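Q: Please read through the structure below; I'll follow up with questions.
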Amino acid sequence: MGNINRNNIYDTVRYNIRKYRKEKKMTQQELADAAGLSHGYIREIESFTMASSFSLDAVERIASGLNIEIKQLFDDIEE
């Protein structure tokens, strides 16, 4: 999964997006469709090798697409 920096909020959100997407057995494309975002953007957000940031609007749309509370995406990473 790459090098996760536990002190980086973007890495925490990336990790949690992927975790909840996989728990719901959704593909990146299905999440993109549910969130109204592009597949490439979801792939970029989930990638720990990309140095980009993303907006809170995108995070809110992803949480809605996952049918979870946005705060769940900011929860600490569990080992």
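Values in this text are rule-based calculations from the coordinates and carry no lab data. Given the structure is predicted, the values throughout are model-derived calculations rather than measurements. Note that we place each Cβ from the backbone using ideal geometry, even for glycine, and neighbour counts take in every protein chain shown.
Q: Scan the stretch 31-79 for residues that are touching a Gly at 6+ places or on another chain (Cβ under 7 Å), surrounded by 13 or more Cβ atoms within 10 Å (Cβ to Cβ) and not charged (D, E, K, R) and jot them down. Before you say what the answer is, go through the steps one by one.
A: First, pick out the residues of the stretch 31-79 that are touching a Gly at 6+ places or on another chain (Cβ under 7 Å): 31, 34-35, 48-49, 61.
Now restrict to residues that are surrounded by 13 or more Cβ atoms within 10 Å (Cβ to Cβ): 31, 34-35, 48, 61.
The answer is Leu31, Ala34, Ala35, Phe48.
Q: For the stretch 67-79: of the residues being assigned to a loop (DSSP other than H, G, I, E, B) and among the aliphatic types (A, V, I, L, M), which is nearest to Gln29 (Cα to Cα)?
A: Initial filter on the stretch 67-79 (assigned to a loop (DSSP other than H, G, I, E, B)): 67-69, 75-79.
Okay, now just the ones that are also among the aliphatic types (A, V, I, L, M), so 68, 77.
Working: Ile68: 18, Ile77: 24 Å.
Checked the stretch 67-79; the qualifying residue nearest to Gln29 (Cα to Cα) is Ile68.
Q: Something else: How many residues does the stretch 30-55 contain that are of a type in the set (S, T, N, Q) and within 18 Å of Ile68 (Cα to Cα)?
A: Residues meeting the conditions: 1.
Q: Which members of the stretch 29-66 meet the condition of being part of a loop (DSSP other than H, G, I, E, B) and either farther than 13 Å from Asn16 by Cα or touching a residue at least 60 places away in the same chain (Cβ under 8 Å) (or both)?
A: Gly36, Leu37, Ser38, Thr49, Met50, Ala51, Ser52, Ser53, Phe54, Ser55 - these are the residues of the stretch 29-66 that are part of a loop (DSSP other than H, G, I, E, B) and either farther than 13 Å from Asn16 by Cα or touching a residue at least 60 places away in the same chain (Cβ under 8 Å) (or both).
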